[in-house]
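Worksheet: the structure to be examined is printed underneath.
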Amino acid sequence: MGSSFRRTMNWYKNFVMDWRYPVEVVERCMELALEWALCEITWVSECDVYKEGDNWFAVIYLDVPGVVNPNDVPWLKGITYGSKIPIEGSADYWARVFRDLEDNWRDKFEYLANTGLEEETIRQFRALRHTAVRGEIAGAGASGDSIWVHLDNGAMRTSAELRKAEQVPGEVYKKGDVMYFYLSKVAKEETGYCAWLEVSRASKNFPAALIRMYAPWVKAKGIRRIVGKKSWVRCSEHPGREVLKKVSKELRGEVVEVILPHSVKP
């Protein structure tokens, strides 16, 4: 599968070299299309595609239990609940997956390249604006004090900027750290090739977004925040102590006070 996979990726790369898109945009379309197709074909929630030198590699992760029955796929037996594993199926399994993958991936690649990576990214992430999103610290951002954060919504992976003003004083952001962020902006980028996303850890709306994530039945709105110390959030009902503990932990110990309507008792 590996050599055939690499030949196919290189063939498509050469095929699109004459397009108006920069090479890095073409490669990004290729990565996203393959991740999208792999996740659909293998019924998993997370796929990662990356390039090392001239070779492309794919890793598929499986959330267990999931939609795949371990009794139907022998290599799933013995996997513990909630674990993520790289799939190392048999040669026959990979051969079947790759046959299914080629047309599926090609269609998705052509869609991303023709429709525009920017438009698809905006479509995928626009619905997540003003919510808490999971991200991984990737490194220094566009400006000196900003940081790039990789976001993944399960079907598409992209980068967002965490500006200095949106960082929490005293928090340390190391490459590879995974945490939640408030997705504050999803817009068109000036070049027309990519979308521009911005995230925040300091927004007064971030604690409310975390409460809605952990307790989706609660309507929550940020009222005031002393970043790193205390937040006040108006809620339609009390989300519960366990939810507030999770929110406070994600905020590195920041106290979260819930303000209820006069008619609602805590």
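The values are calculated or read from the model by the stated rules, or taken from the named source; none is laboratory data. On a predicted model such as this, the values are computed, not experimentally measured, just so you know. Cβ placement follows ideal geometry from the backbone for every residue including glycine, while neighbour counts extend to all protein chains displayed. The protein model used for the area step is the full one, side chains on, heavy atoms only, and it has no ligands, DNA or RNA in it. Shrake-Rupley method; radii C 1.70, N 1.55, O 1.52, S 1.80 Å.
General remarks:
- When the residues of the range 146-189 are filtered to those that are small (Gly, Ala, Ser) and either open to solvent by less than 50 Å² (accessible area, probe 1.4 Å) or assigned to a strand (DSSP E or B) (or both), the one that is modelled with the highest pLDDT is Ser184.
- Top-ranked residue in the range 208-232 [being farther than 13 Å from Ala132 by Cβ and open to solvent by less than 10 Å² (accessible area, probe 1.4 Å); ranked as nearest to the chain's Cα centre (by Cα)]: Val218
- Within the range 241-254, tally of residues that are free of Cβ contacts under 8 Å to residues at least 60 places away in the same chain and loosely packed, with under 15 Cβ neighbours inside 10 Å: 5
- Residue tally, condition open to solvent by 70 Å² or more (accessible area, probe 1.4 Å) and farther than 24 Å from Glu250 by Cβ, over the range 118-135: 2
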